[in-house]
Amino acid sequence: MKNHLTDISNVLVIGCGGAGLRAAIEVKKNDLNVKIIGKRRKNDAHTVLAAGGINAAFGNIDKDDNWLQHFADTYLEGYGLGNPEIIEIMAKESPKLVKEIDSWGANLEKLKNGKLDQRFFGAHTYRRTCYSGDFTGQSIIQALLKRIKLLNIPIYDSQYVTDLLINDNTCFGAMSINTKNGERTVHLADSVILCTGGHTKIWFQSSSRKLENYGDGYDLALKAGCDLIDMEMVQFHPTGMIKPDDFAGTLVTEAVRGEGGKLFNVNGERFMQNYDKKRMELSTRDKVAIANYTEIIEGRSSPNGGVFLDISHKPKDFILNKIPKIYRQFIESQMLDISQKPMEVAPTAHYSMGGILVDSYNHSTSVKGLFAAGEVAGGLHGANRLGGNSLAEILVFGKLSGIAASSYSIKLKAQIRSQMAIKKIHENINKFIKNGEELVIALQNELSKVMWEKCGVIKNEEKLKLALEKIDEIEKRAYCVDIRISDNNFQDLIKLFDLNSSIKTAKATLLSAIERKESRGAHQRSDYPFLKASESCSYLIKEKEGLLQISRKDCIGLNSDLRKQIDQTVKINDFKNRLLE
Ligand SMILES: Cc1cc2nc3c(=O)[nH]c(=O)nc-3n(C[C@H](O)[C@H](O)[C@H](O)COP(=O)(O)OP(=O)(O)OC[C@H]3O[C@@H](n4cnc5c(N)ncnc54)[C@H](O)[C@@H]3O)c2cc1C
């Protein structure tokens with residue numbers, strides 16, 4: 001009996017976010033047959049949430065800006081763990097790609113002279129961030145989709161990829177399940193580009209959207225034989241909503257602090273004076289996240305487990321003018337008028353700096369025919385991400401991976417296709433469909449609470465090891481989940497795949513976090529509070545016979561020009577007017 005549909009393309013792109021769309025456009029330019037598949041609606045990938053902007057060192061306003069300074073700012077913000085080769089490519093290429101996306105209709109803000117406007121963002125030395133209102137991600141996706149339509153590139157959404165097709169360390173496609181009717185498709189391809197985003201949804205407080213960012217791509221890559229790098233490096237944004245449950249983690253823009261918002265604990269203390277007396281609420285994202293988390297964990301939290309963020313001392317007109325979206329967000333979700341009362345906020349998992357280990361130049365992986373780009377790939381950000389760099393990353397490396405996957409396809413002499421591998425994947429999916437005593441959603445919730453409580457902004461060995469034990473228990477219970485499928489219900493099966501990806505990526509994150517015995521960038525350990533020169537390395541995770549293994553990888557050194565630029569860079573201390581998303 002035929003148990004799947006078959007579809008063939010030269011290059012298969014998995015993921016309809018900015019990286020996936022940009023990669024597919026490049027493949028099509030090479031006159032190849034390319035197809036994009038994604039698990040959600042095509043115009044609704046995570047990228048649409050990006051607000052603040054995209055970095056490109058044009059120097060349109062601050063004439064001294066150039067790619068070298070963009071390099072230095074990125075490398076320094078990554079605390080020396082970022083791959084200098086990847087950073088250099090991003091810094092050099094992003095101006096071209098930003099101009100291109102604007103010419104495709106992203107409608108970025110212009111200066112009177114017609115050049116792109118640029119604003120400050122976080123720890124940038126100069127105004128470098130191009131933007132389109134506070135919906136830059138949405139504008140980029142719309143421009144890319146217009147281009148995709150023009151080039152006639154097919155997008156199949158509602159396709160959940162469960163496995164990559166692998167034979168003899170070579171990728172020859174992917175298996176997907178249609179989330180609407182459960183139909184399986186074997187997508188045969190010469191090469192595959194993974195653009196599946198990060199894993200921040202595995203934390204209870206997460207700025208991710210629903211049903212995305214469970215680390216699917218990391219799990220697919222581990223199963224295929226790839227390494228993951230820097231998985232302990234997860235960026236927490238200091239202010240996310242905490243209620244109602246449906247909104248937990250949703251970002252409260254940093255602009256609230258930028259416009260004068262003050263932070264208080266339950267005792268009415270303006271606690272930032274204990275963490276950064278000089279900059280107070282205008283301190284860096286990581287410092288404010290640490291402060292908020294400490295106040296909560298040490299028992300000085302607001303009634304719902306957060307801290308108070310208050311801007312009610314400002315006139316209502318000022319609030320409506322400066323932060324209208326946030327005003328609406330609280331009215332709509334909590335009926336709270338922030339011009340009258342403070343908000344309750346807590347840190348929220350925001351961005352995965354780590355990811356699949358890729359070649360610096362073409363983003364190929366250690367599996368032949370498999371490429372990765374965007375948030376799913378590791379290397380660019382090191383221990384912390386400079387705001388605005390991820391949108392630059394998805395365009396630059398979307399394009400470069402598209403070129404490389406095309407070239408791989410064109411040079412391929414013969415395709416390896418293994419019926420055995422496909423049969424095994426079917427068996428693996430089928431084994432999940434059985435009666436059981438556990439509920440998939442309950443386990444997913446437990447997992448996200450474990451990660452939030454034990455692997456949050458500040459970690460220690462005891463908590464991390466406890467978390468690992470708890471995730472192991474959840475993994476055992478996940479074998480007993482009740483999965484029944486019918487003509488109109490495949491959701492539990494899909495959610496089980498999300499859970500399995502969450503389990504695997506949680507373990508990868510915990511193992512790496514235990515191994516890194518220091519505090520650096522986004523990785524903060526109360527038992528090792530200082531940065532150690534001996535830890536200037538990355539940790540890699542690989543899966544062997546179902547077990548995750550960790551190893552150490554030395555960082556790539558800097559050449560003398562880059563070192564000189566780093567040495568000349570002055571650390572930014574004043575974050576006024578730089579706080580965006
Ligand atoms: C609130 C918010 C604001 C942000 N603001 C900025 C900003 O101003 N500037 C900036 O540079 N960055 C910003 N970021 C980060 C940036 O938006 C992301 O890093 C970037 O958009 C990631 O793009 P991507 O293409 O790699 O992945 P995504 O956009 O996450 O796309 C991944 C795609 O893969 C699909 N997928 C995943 N798993 C599967 C599967 N198993 N099967 C099939 N499909 C799958 C998903 O459905 C999705 O279509 C922000 C992030 C957030 C959350």
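Overview of results
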item: Centre separation in Å (Cα based) which lies between the stretch 153-184 and the stretch 103-135; result: 37
item: Calculated FRET efficiency for the pair GLU515/ILE556, C-beta based, R₀ 22 Å, to 0.05; result: 0.65
item: Coarse-grained scattering of the stretch 240-350 at q = 0.12 Å⁻¹, given as base-10 log I(q)/I(0) from a Debye sum over alpha-carbon atoms; result: -0.36
item: Neighbour-count ranking [beta-carbon atoms within 10 angstrom, fewest first] of HIS4, HIS313, HIS237; result: HIS313, HIS4, HIS237
item: Mean Cβ count within 10 Å, highest first, over the residues of peptides 490-502, 408-420; result: 490-502, 408-420
item: Cross-link table LYS39/LYS434; LYS39/LYS92; LYS262/LYS571; LYS423/LYS495, entries beyond 29 Å C-alpha to C-alpha; result: LYS39/LYS92
item: Listed peptides 44-51, 479-486 by packing density, highest first (mean Cβ within 10 Å); result: 44-51, 479-486
item: Amide H within-cut-off set for GLY240, under 5 Å, with H built and near neighbours excluded; result: VAL252, ALA346, THR348
item: Given charges at Cβ of Lys, Arg, Asp, Glu: the stretch 130-277 dipole, positive-most of ALA221, ALA255, CYS171; result: ALA255
item: Placed amide H near ASN167: partners under 5 Å, 5+ positions off or other chain; result: PHE172
item: Point-charge dipole on Cβ atoms (K/R +1, D/E -1) for the stretch 429-581, about Cα centre, debye to 20; result: 520
item: Karplus-derived 3J(HN,Hα), 6.51/-1.76/1.60, for each residue of the stretch 100-117, Hz, glycine and proline x; result: 4, 5, 5, 5, 8, x, 6, 6, 6, 4, 10, 7, 4, 7, x, 6, 6, 6
item: Dipole magnitude of the chain about its Cα centre (Cβ charges: Lys, Arg +1; Asp, Glu -1), debye to nearest 20; result: 940
item: Rounded to whole Hz, the Karplus (6.51, -1.76, 1.60) HN-Hα couplings of the stretch 519-536, x for glycine and proline; result: 10, 8, x, 6, 9, 10, 10, 5, 8, 9, x, 10, 6, 10, 4, 5, 9, 6
item: For the stretch 437-503 and the stretch 338-354, distance of Cα centres in Å; result: 24
item: Loop chymotrypsin sites (Phe, Trp or Tyr not before Pro), the stretch 341-382 (other Cβ atoms within 10 Å of the site Cβ: 16 or fewer; DSSP); result: TYR361
item: The stretch 204-276 and the stretch 552-581: distance between their alpha carbon centers, rounded to Å; result: 23
item: Sorted by Cβ density within 10 Å, fewest first, the residues MET233, MET175; result: MET175, MET233
item: Integer Hz, Karplus 6.51/-1.76/1.60 couplings in order for the stretch 34-45, x for Gly and Pro; result: 10, 9, 10, 10, x, 7, 10, 5, 5, 9, 9, 6
item: Pairwise Cα inverse-distance average, inverted: Kirkwood Rh of the chain (Å); result: 24.1
item: The chain - mean residue ellipticity at 222 nm from DSSP helices (-39,500 (n - 2.57) per run, n ≥ 4, rounded to 500); result: -11000 deg cm²/dmol
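Read the figures in this text as sums done on the coordinates, not as results from a lab. The model shown is predicted, which means the values in this text are computed figures rather than measured ones. Note: ideal-geometry Cβ built from the backbone for every residue, glycine included; neighbour counts use all protein chains shown.
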